[in-house]
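Bear in mind these aren't lab numbers, they're just calculated from the coordinates by the rules spelled out. Since this is a predicted model, take the numbers as computed values, not measurements. No Cβ is skipped: glycine too gets one built from the backbone with ideal geometry, and neighbour counts run over all protein chains shown.
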Amino acid sequence: MRGHGKLRLAIHRVSFDSAASRSAMSLTRKILRGSTLNLVDHAARILAMLVVTPLMVAKLGLEGYGIWLVLTAAVSFLNLLDGGITLSGTRYLARALGGKDAEAAGLVTGTLRWLYRRIGLGCAVATAGLVLAVPWLVRDAAWQESARLVLLALGGGMTLRFFLRIHLVILKGHLRYDLIVAASLVKVVLQTALVLALLTRGHGLVVLAVAQIISDLFDQLLVVFFSRRTGGGAHARAGHSPELLPEILRYSALAFLNTTGQHLRSRIDPFVITNFVGVAAVPVYNMGLRLATLFADMVNAVMGGTLLAGFSQVEGRDGLDGVRRKFLFSLRFSIPLALLGAAGLAVLGPAFLLRWVGPDFADSGTVLRLLVPPYALWLMQFPSGSLFLSLNRHNLITKLTFGAGLFNVALSVTLASWMGFYGVVWATFVDMTLFYGLAVPLLVSRVLGMPLMRYYAVLITPVLKLGLALGAAALLAQPLVKPDYLSLLMAGMALGAAFGAACWWLLMHRDERAVILRKLRPASEVKKAA
């Protein structure tokens, strides 16, 4: 009997370990699938932007396009009304789903619905406030009536998104980023087609805003449809939980401070430039910034929301040790990716801008090159944001982010009054370098319980290994860099080949290379070897 008991216990352990292994593999597949499809979505967005932006500049002019950028920047501040609820909700729902707790999942979604209804009403009121603020946003009276209509249209669309946002959280909690991407791709295709058709027929800002609202509506309807097919217990009609609500709000408050700091760091610049230089200078600054932020968005597509939900589920299953392993492993991808992007932007970016939007944007290349180093420093450590949030250890980093945003605004205003256009660029450079070079490494080392110098070594070692190789490749590719797409493609391929070789020989371990070579061998050779 005692032997049978041991046998049953062994079988139970094997069964449990197998189930845990299958769960971990399923989570990994979801994360990889979501990351890959997010990358596809961002590639589609970039392609659409490459086609639409030059036409917008040509049809609207520098002033008209600058006003469009100022108005969309103003509307983007309505996102702050989210208050960090989406980040918080995704974390709590993912943990409930990871623990197979349908009742807890229903309470989370019920509480979030209660919150989003009130946020939607607040967004409608804030939109009215933006409309009243048009004389301060757009000083040219000839553009003010169009500006009011644009703000009404875009603000109304944002209000609708808040009322329906619970469905987005449900999909994120289930790690169904594939369905989110499917809806987003429909939106990108529809919006691009509408904008191209309207611009070529000579329509202006208001009609463009309406086109954006129509495409947003299709996107939201698809998200609702996918959510109802996926949500399961998350769609249980539970009321809001008085016990859970304060916990979500406490977590969200810190996320809100973090988002506000990021908005102050990047979204306030158009208003500073408009005030000190003029609205026509906003597109010149925006083009240089846009290439850097596009690459950051692609990194976010790969490592952003998927890592947050993934880290949260790993914490619920394996605790801090599991999250630590996943984080350090993720740096092996984020660091080379950031270095490749930085090299490509610095070498190819200025010439690409000249070919893409013309000689009026020559200063955009200088803006881009000044922003590349601090952006690389940020993106190398991109998984740290998900690490802090998933472990609920983002208190101090959030306060520092908010403080850095205020510092950036004060420094931008000071330097812009002294240096003009480039004062805003240098303010961002100084702010990001201090923040991601000092504050983030210090806090990551504290959260992980590892010495600061060891964490710096984790960051610097790949830079030393790949930096020299990329620098040499950049010098060799420089003669190919000309403002035409074929030359840029050839230079980019040369840079990419050098990067791939450097990663293969300098970054990957011998056993990792052996695994890849085995995967690449034909099946017949594998059978013979066996």
key: Summed residue charge, Cβ within 11 Å of residue 165's Cβ, Lys/Arg positive, Asp/Glu negative   = +3
message = From the helices alone, meaning DSSP H stretches of at least four residues, give me the mean residue ellipticity at 222 nm for the chain, per-run term -39500 (n - 2.57), in deg cm²/dmol to the nearest 500.
response = -29500 deg cm²/dmol
task = Work out the length of the dipole vector of the chain about its Cα centre, built from +1 on the beta-carbon of each Lys and Arg and -1 on the beta-carbon of each Asp and Glu, and round it to the nearest 20 debye.
result = 2240 debye
remark   = Of the candidates 495, 199, 245, the farthest towards the positive dipole end of the chain (Lys/Arg Cβ +1, Asp/Glu Cβ -1, centred on the Cα centre) is 245
ask   = If we count other beta carbons within 10 Å of each Cβ, what is the order of 335, 273, fewest first?
value = 335, 273
Local electrostatic count at residue 104 - Lys and Arg +1, Asp and Glu -1, tallied over other residues with Cβ under 13 Å = -1
note = Counted neighbours (other Cβ, 10 Å), sorted fewest up, put 230, 127 in the order 230, 127
ask   = Give me the log10 of I(q) over I(0) for region 129-244 at q = 0.20, 0.21 Å⁻¹, as the Debye formula computes it from C-alpha points; what are the numbers?
value = -1.05, -1.10
remark   = Taking N as the number of residues in the chain, the ratio of its alpha carbon radius of gyration to 2.2 N^0.38 Å works out to 1.03
query = When N counts the residues of region 268-530, how does its alpha-carbon radius of gyration compare numerically with 2.2 N^0.38 Å, as a ratio?
reply = 1.14
ask   = How fast does region 29-261 diffuse by Stokes-Einstein, in µm²/s, taking the Kirkwood radius from C-alpha pairs at 10 °C and 1.306 mPa s?
value = 84 µm²/s
ask   = Local charge sum around residue 60 (other residues, Cβ-Cβ under 15 Å, Lys/Arg +1, Asp/Glu -1)?
value = -1
remark   = Taking every alpha carbon pair in region 373-442 and sorting the distances into 5 angstrom bins from 0 up to the bin holding the longest one, the percent per bin comes out as 4, 17, 24, 22, 16, 9, 5, 2, 0
remark   = Of the listed links 172/399; 326/519; 187/326; 172/519, those spanning more than 28 angstrom between alpha carbons are 187/326; 172/519
request  = Would you mind ranking 53, 90, 200, 274 by Cβ crowding within 10 Å, fewest neighbours first?
outcome  = 200, 53, 274, 90
ask   = Kyte-Doolittle mean at least 0.5 and Cα extent at least 18 Å along the axis: which DSSP H helices of the chain qualify?
value = 2-76, 102-132, 141-173, 177-200, 205-230, 282-303, 305-357, 362-380, 395-419, 421-434, 452-477, 485-502
request  = Identify the trypsin sites (Lys or Arg not before Pro) of region 110-156 meeting these criteria: DSSP loop state and at most 16 other C-beta atoms within 10 Å of the C-beta.
outcome  = 139
task = Report relative contact order for region 268-530 in percent, whole number only (criteria: Cα-Cα under 8 Å, sequence separation at least 6).
result = 23 percent
